[in-house]
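Here is the structure we will look at.
The values are calculated or read from the model by the stated rules, or taken from the named source; none is laboratory data. All values reported here derive from a predicted model rather than from experimental measurement. Cβ: placed from backbone, ideal geometry, glycine included. Neighbour counts: every protein chain shown.
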Amino acid sequence: MHLESLSNGLGGQSMVLFDMACKRLIPATVSLTADTGWEFDRTWSNGRRASSKTYFDEIVVPLGQKYGFDCRFVQAVDKDKNPLPGLLEYTWQVANSGNFKGLNIPMFGSKGGRVTQRCTDKMKIRACRQEARRMGATTNCNAQGIHLGEADRRMSGRFLRMEGKWSIYQTQIAVTEKKEVDGKIIKTKTFADIKWITHYYPLVDLQMNRNACQRYLVDLKIPYLLSSECDGCPHKDLARWERTSPEVLSELVRLEAKFNGEFFFTDRRIPLLEAIEAMQKLRASDPEKYAAEADFGCQNAICGV
């Protein structure tokens, strides 16, 4: 079975695609929202603060029912079909264990490095692909909410063809190959096709940027999440940290302290509240730099949309 799906992160861009899918303006027939277990502190465009699950239940589900559209909130499972622990729970487990090698989120190391980002693949991509397979998909074309100004965030893929208005890409995965040359191991990065999955970016093909997406939703009176990242995502910029509730900041401070100065939530590599204060001082000295909210810093096309 061929499945046309929408990766719905619940942010403004995703919700524009969701409305388009409901109205059959794009070919997606199911909206898949992955539950990361760490999106409890989301600020809505109408000023409300609630979890992503609350937004899904109160906004997405009723809209889906209005148009007879299939929308699902899905969680990744392990090889034994058991749900994976949420990112917040898992990160606390790693922090309390004292063995930090199991970290999945891209925290900043005190020695200048950074943890490899495994959270998106493990909690979001896996959840949606598992659900597609459960639905019987043998091939899957997935719509993604990258907007026109985020071309550098497109996921790995090679252009295949045009289907109507849409530029279809073959989804790929990065593969590291090792070769021995003159007694030395040389690593090269290549890309391999994930043969059953393709993807496209309707907002890019429609030439829609972030502001256009927001105007679209305002005109329809559909509230949206101002940003859809995890509460403790190390990709958050100053605007996102300032939207974080005092209660969540307090928990993140306690969690960060568990890493004993080895890992931090910001590239300042100092305690979180000190880092936020330092960024605020920089903004005061150079307000133009911080005049507009930056695009989400993550280079993965699935998060923050």
Hey, among ASP19, ASP78, ASP70, which residue is among the acidic types (Asp, Glu) and in contact with a strand residue (DSSP E or B) (Cβ under 8 Å, 6 or more places away or on another chain)? ASP70
Looking across region 110-136 at residues that are surrounded by fewer than 16 Cβ atoms within 10 Å (Cβ to Cβ) and within 26 Å of ALA275 (Cβ to Cβ), the single one that is nearest to the chain's Cα centre (by Cα) is ARG118
Would you pick out the residues in region 128-144 that are touching a residue at least 24 places away in the same chain (Cβ under 8 Å) and not in a loop (DSSP other than H, G, I, E, B)? CYS128, ARG129, GLN130, GLU131, ALA132, THR139, ASN140, CYS141, ASN142, ALA143
Mind checking which residues of region 26-49 are in contact with a strand residue (DSSP E or B) (Cβ under 7 Å, 6 or more places away or on another chain), buried (at least 16 other Cβ atoms within 10 Å of the Cβ) and not charged (D, E, K, R)? ILE26, PRO27, ALA28, VAL30, SER31, LEU32, THR33, ALA34, THR43, TRP44
Does region 156-192 hold any residues that are touching a Pro at 6+ places or on another chain (Cβ under 9 Å) and either surrounded by fewer than 10 Cβ atoms within 10 Å (Cβ to Cβ) or not in a strand (DSSP E or B) (or both), and which are they? GLY164, LYS165
Within region 180-203, work out how many residues are of a type outside the set (D, E, K, R), within 16 Å of CYS141 (Cα to Cα) and modelled with pLDDT under 95. 1
Residue pairs, Cβ under 8 Å, 6 or more apart or interchain, first in region 236-247 and under 15 Å from ARG283 (Cβ atoms) and in contact (Cβ under 8 Å) with a residue 40 or more places away in the chain, second outside any loop (DSSP other than H, G, I, E, B) and not small (Gly, Ala, Ser). List them. LEU238/ILE276; LEU238/MET279; LEU238/GLN280; LEU238/ARG283; LEU238/TYR290; ALA239/TYR290; ARG243/THR43
